[in-house]
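The values are calculated or read from the model by the stated rules, or taken from the named source; none is laboratory data. Fair warning: this is a prediction, and the values are worked out from it, not measured in the lab. Calculation scope for accessible area: heavy atoms of the full protein, side chains included, ligands and nucleic acids excluded. Shrake-Rupley method; radii C 1.70, N 1.55, O 1.52, S 1.80 Å.
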Amino acid sequence: MWAIFRDYITGRLTESSDVFSFGVVLLEVTSGKPPIIPENGHIIERVRQKMVTGNINSVADARLGGSYNINSMWKVLDAAMMCTADSCSKANDVGRGHAIEGKSGIGGSSWGHGRHGKCSKR
């Protein structure tokens with residue numbers, strides 16, 4: 001994550017920084033929260049901690065009032081976590097237009113970001 005901020009500060013934005021930024025925007029849209037809240041950290045860590053509980057309502061924007069498809073919400077969150085995973089070489093697959101597919105993970109994704117806090121193919 002810090003490499004992305006360094007790229008931004010130095011003006012050397014890349015496909016990786018675009019993918020990372022897209023993931024942050026997805027987290028902002030789904031949670032309804034800003035990326036940084038003083039004394040509460042970055043949105044990536046806040047959402048990851050909530051995803052571990054398996055309770056999508058703790059992550060989703062309360063203004064939605066539960067009016068969303070749970071599987072779709074998990075897929076969006078999985079995509080966001082995949083985009084923001086700095087230790088995962090597959091994160092750039094999103095930037096290359098590769099589909100997020102699978103049947104075994106959270107929301108049908110086969111990537112283990114949410115419950116395990118790391119990027120590993122299940």
How many percent of the accessible area of region 1-84 is carbon or sulfur, using a 1.4 Å probe?
-> 58 percent
For region 18-29, in residue order, the Karplus 3J(HN,Hα) values (coefficients 6.51, -1.76, 1.60; θ = phi - 60°; whole Hz; Gly and Pro = x) are 5, 5, 4, 4, 4, x, 5, 4, 4, 5, 4, 5
Mind ranking R48, R63 by accessible surface for me, highest first, 1.4 Å probe?
-> R63, R48
